Amino acid sequence: MNILLVHPPSFVEKTKLAVFPLGLASIGTVLENRGHRVRVVDLNISDNPSQELERILGQEKFDFVGVNIRNIFFRHNPQIDQWRSV
């Protein structure tokens, strides 16, 4: 199975430090160890996350796409709109 794991932008201001997607990396490792082809994409390090994701999805076909979401428990989190767009 060809799997894409996506870490969407986790912050609104580019001046904040990005957090390494440790959970996705762990899941990706387990999946690879079980014979799947896995690609992990951290959109926090992209200058244009939407364009980067479109480029990746246009390059190859994925059987499954997983999206990591952190800190969703904040009801008025401004990142929710970014996550929805991903």
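No value in this document is a laboratory result; all are computed from the given coordinates. Values in this document were obtained by computation on a predicted structure and should not be read as measured data.
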Along the stretch 25-37, Karplus-curve 3J(HN,Hα) (6.51, -1.76, 1.60; θ = phi - 60°) to the nearest Hz, with x for Gly and Pro, reads 4, 5, 4, x, 5, 4, 5, 4, 5, 9, x, 8, 8
If amide hydrogens are placed 1.01 Å from N in the peptide plane, which non-local residues have theirs closer than 5 Å to the one on Val67?
Val6
